[in-house]
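Novice: Take this structure, written in structure tokens, and hold onto it; I'll ask about it next.
Where a number appears in this text, it was derived from the coordinates with a stated rule and is not lab data. Please read all numbers here as calculations on a predicted model, not as lab measurements. FYI the Cβ positions are ideal-geometry reconstructions off the backbone, even for glycines, and counts take in every protein chain you see.
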Amino acid sequence: MKVGFIGLGNMGSAMAANLLRAGHEMTVFNRSPEKRRALIDLGARGAETVAEACSGEVVITMLADDSALRRVTLGEAGILDTLGRGATHISMSTVSVELTRDLTQAHEQAGQEFVAAPVFGRPEAAAAAKLFILVAGPAAAVRICQPLLDAMGQRTFPLGTEPATASLAKLAGNFMIAATIETLGEVLSLVGKGGIEPGTFVDLLTSTLFPAPAYRTYGALIAESKFQPAGFAAPLGHKDVRLLLAAAESLRVPMPIGSLLNDRFLRLLAQGGESLDWSAITQLAAADAGLARIGRSGA
């Protein structure tokens, strides 16, 4: 297929590379030109503008937040203005339910298809084409785009015809990961202060009660205090918690753990944690326990 890809960060560049390896004709755009070079070396065509990336059957966006996606899609000479009638915009970004609804309506009015397909997985999963993809949108458009999703992920989970459902599910999943991170921070501070080596306890947990990827991945990062380079930066984690709380408020669903997580991220960012992985919020639990970090006693 002839595909445009907009947003070449840690996730997007790996996803675009897998589409190239699968034989798709790619045009790539990123505001920072240097991020295009590796993909051009793999056979992609570099675009100088958003419009140049919208000449094919599909354009994919993988952008950091609502502001970036809104600007690229709805701004002057953006996707909405330049994508052909009947062509499809696949948004793979983690964004608000509200924005997803706005884009669904805008594309429908322009005679274009819109599919939401956010992903679960860190950059290493993106590079290995092992992402889990949540997809929602018009059935015919999803069917046409399925070969692209297959090239980027190990499994696709269809969630119906309304794109907003995929955005809500993604925010809910990220909330559960953040809650898991907070739980690990508190528990590893407890056992560490009590004399149990955190790495040993993580191995015990993931070999028995909690053999899930989130516990394995984040348990190891936390036990080793390995927060740089960030696989998923703390400001993005904070953004997702805020979007989750906004969705919960609109549905009148109390989420007290979400409020706690919002405060954790605010504190981490206030203390200079902008460049750290979002799992670094666990060091706040360590500080509350009188530890310099998890795994180190306060003595």
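Novice: In deg cm²/dmol, rounded to 500, what helix-only [θ] at 222 nm does the chain give when every DSSP H run of at least 4 residues adds -39500 (n - 2.57) and the total is split over its residues?
Specialist: Working: 13 runs with 153 residues, N = 299.
Value at 222 nm, helices only: -16000 deg cm²/dmol.
Novice: Once Lys and Arg get +1 and Asp and Glu get -1 on their Cβ, which of F265, M176, Q283 lies farthest toward the positive end of the dipole of the chain?
Specialist: Q283
Novice: Follow-up question, since we're still on this one. Once you charge only the Cβ atoms, +1 for Lys and Arg and -1 for Asp and Glu, what is the size of the charge dipole of region 167-288 about its Cα centre, to the nearest 20 debye?
Specialist: 280
Novice: When the Cα centres of region 122-151 and region 222-258 are compared, how far apart do they sit, in Å?
Specialist: Answer, in whole Å: 23.
Novice: Further question: Could you state the orientation-averaged shadow area of the convex hull built on the Cα atoms of the chain, in nm² to one decimal?
Specialist: Details: hull surface 63.0 nm².
Result: 15.7 nm².
Novice: Report the gain in length on full extension from E224 to A212: 0.36 nm times residue separation, minus Cα-Cα distance, nm rounded to one decimal.
Specialist: Working: separation 12, 0.36 × 12 = 4.32 nm, distance 1.84 nm.
Result: 2.5 nm gained on full extension.
Novice: How much length, in nm to one decimal, is gained on full extension between E124 and F157, taken as 0.36 nm per residue of separation minus their Cα-Cα distance? Let's see the in-between values first.
Specialist: On the way: separation 33, 0.36 × 33 = 11.88 nm, distance 2.01 nm.
Going from the current span to full extension adds 9.9 nm.
Novice: Give me Rg over Rh for region 214-299, both radii from the alpha carbons and Rh done the Kirkwood way, two decimal places. Intermediate values should be presented prior to the final figure.
Specialist: Values: Rg = 13.8 Å, Rh = 13.6 Å.
The Rg/Rh ratio comes out at 1.01.
Novice: Something else: Give K130/K226; K35/K239; K2/K239; K130/K193 a once-over and call out the pairs whose C-alpha atoms are over 30 Å from each other.
Specialist: Details: K130/K226 22 Å; K35/K239 24 Å; K2/K239 32 Å; K130/K193 37 Å.
Beyond 30 Å: K2/K239; K130/K193.
Novice: Using the alpha-carbon atoms, what tilt in degrees (0 to 90, nearest 10) does helix 10-21 show relative to the longest principal axis of the chain?
Specialist: It works out to around 50 degrees.
Novice: Give me the percent of DSSP beta bridges within the chain that run antiparallel, rounded to the nearest 5. Numbers along the way, then the final one.
Specialist: On the way: 4 of 28 bridges.
Just about 15 percent of them are antiparallel.
Novice: Ordered by residue, what ³J(HN,Hα) values in Hz, to whole numbers, does region 31-44 give under the Karplus form 6.51 cos²θ - 1.76 cosθ + 1.60, where θ = phi - 60° and Gly and Pro are x?
Specialist: 4, 8, x, 4, 6, 7, 4, 4, 6, 4, 5, 8, x, 6
Novice: Need one number: % antiparallel among DSSP beta bridges in region 2-161, to the nearest 5. Spell out each step's value before the answer.
Specialist: Values: 3 of 27 bridges.
That works out to approximately 10 percent antiparallel.
Novice: Hey, another quick one. With axes computed from alpha carbons, what is the tilt in degrees of helix 213-223 against the longest principal axis of the chain, rounded to the nearest 10 within 0 to 90?
Specialist: 50
Novice: Please give, to one decimal in nm, the separation of the simple spin-label points placed at Q109 and R252, each 7 Å out from Cα toward the Cβ.
Specialist: Computed distance between label sites Q109 and R252 equals 2.9 nm.
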